[in-house]
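Encoded as structure tokens, the structure appears first; notes follow it.
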Ligand SMILES: Nc1ncnc2c1ncn2[C@@H]1O[C@H](COP(=O)(O)OP(=O)(O)O)[C@@H](O)[C@H]1O
Ligand SMILES: [Mg+2]
């Protein structure tokens, strides 16, 4: 479980996060949704400490991450996995080396155990026979899957995904979404996903938090979204003709 | 950003770079890789420019010494001193600032803008230390060898040019390159080379590491890195010469 409590964040004069409090639940996919520029990435990066918050606290299973020094944070970071928006694979390393990297740095496994673990993770995301290719040589969807494999290599308790299916075709996007959901269940992780894609919300959203212009406007389940009378959320969700029709039918 | 702000930021960057690495074994294999990338890969360019510069220095000196009162060994002597004192350390340093510097700044800069540096940080790795320390150590280790190589190739280039054009007598040239040899000049130049190696790796790493934006900014950072490390090399050259040759 991750608890965000009264977090504020500004860049110079620009207030990006305004008094945000959220409970992210373990064993669930927690989706942060909102328009482009609403502050999703800044919120996620604040939660993992890549941005320092101006005020407020972040707790990982009741451990106060915000007040920790670098050493304490490093320990918690070993329990985190993150899938960045562009995948952020190390482009000087092959697919296999990317997944081996966290194992090399932080595990006491033997070379063989590390290789087995890396291959297990790659298999888990349905990547076979590509171990020696480089990130530039594989498709965007494969890059995302390798990024997921790398993120889960050390069995994280917390998984973060920033727009995991952006730039992918609808079929691949749904595959990636479901993969994240399955892995979350399998390992009982606390998973936080940033997205602006309503398909993801419908596909895998268990707990949904809507932010708009840096404010948390709404939270609830995906079924509740259809009954909301919050105007901002309605404008966001039913922006497309397709969802307007769905709303009429239901 | 003003100079003082940059100096402060650079100092804090160096504190990160020179902290204890996560794993000694990884550091070692990274150093080997960087020696290959920064050093071995630069042998070609160092050989080519040293060969031609040695040749030109020899020919210029020979054609400027038609006065019969000047001793014949002076041509070899001048070539050796030019290579030893200045060319093989400073000029090679400037060339490498262009080649290695732009390479480092764009490599680290693109890692920044594609969030690869964030990916390292989130794993609990000190990214500045992980990415930059192996480069600095590798260059400080390998560049002195490039210096020695450059001196030898340059002197050989002079010999070849002088001999092939018939402007220099072989025996005189060989006399000249042994004339009034001061071993301390090599120490002086090796110290300069090591300092330049630090500048060539640390400054571009700094500019790459703090890139904000996209591909355009990476290009800009790489240009800035080359210009500023070149200026710093020239500045360090004056200071070190004053301190070491006084
Ligand atoms: N490092 C930064 N410095 C200044 N402003 C930033 C920075 N990162 C994000 N912002 C601003 O914060 C706002 C929210 O951005 P972001 O969280 O990336 O939005 P999104 O919801 O699309 O992920 C935007 O206005 C963006 O320009
Ligand atoms: Mg974003």
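The numbers here are math on the coordinates, done by the rules we state, and not lab data. Please read these numbers as outputs of a predicted model, since none were measured by experiment. Here the Cβ positions follow ideal geometry from the backbone for every residue, glycine too, while neighbour counts run over all protein chains shown.
Key figures for this structure:
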item	result
Shielding by other protein chains, B:122-131, mean Cβ within 10 Å	5
Within segment A:83-120: backbone nitrogen closer than 13 Å to the residue A:132 label point (7 Å, Cα to C-beta)	A:94-97
Helix-derived mean residue ellipticity, 222 nm - over chain A, DSSP H n ≥ 4, -39500 (n - 2.57), to 500	-11500 deg cm²/dmol
Evaluated over the protein assembly as shown, the Cα radius of gyration and Dmax, each in Å	29.3, 107
Approximate spin-label separation residue B:239-residue A:123, in nm, with each point projected 7 Å along Cα-to-Cβ	5.8
Relative exposure of B:88, A:10, A:67, B:127, judged by other C-beta atoms within 10 Å (fewest first)	A:67, A:10, B:127, B:88
Spin-label pair residue A:235/residue B:148, simplified geometry with 7 Å Cα→Cβ offset, distance in nm	7.2
Distance between segment B:97-151 and segment B:1-75 - C-alpha centres, whole angstrom	15
Between helix B:3-17 and chain B: long-axis angle, C-alpha atoms, 0 to 90°, nearest 10	80
Ellipsoid equivalent to segment B:32-244 - semi-axes via the Cα gyration tensor, in Å	40, 15, 14
Distance in nm between pseudo-label sites at residue A:171 and residue B:33 (7 Å out along the Cβ direction from Cα)	3.6
Residues in segment A:127-157 that a label on residue A:199 would reach, taking backbone N under 20 Å of a point 7 Å out along Cα→Cβ	A:139-148
Ranked list, fewest to most other Cβ atoms within 10 Å of each Cβ, for B:28, A:65	B:28, A:65
Degrees between helix B:127-165 axis and first principal axis of chain B (Cα, 0 to 90, nearest 10)	20
Helix A:111-124 axis, angle to chain A major axis (alpha carbon atoms, nearest 10°)	40
Shielding by other protein chains, B:106-117, mean Cβ within 10 Å	3
13 Å reach of a label modelled at residue B:174, 7 Å along Cα-to-Cβ, counting backbone N of segment B:124-158	none
Separation of alpha-carbon centers, segment A:111-163 and segment B:218-246, rounded to whole Å	42
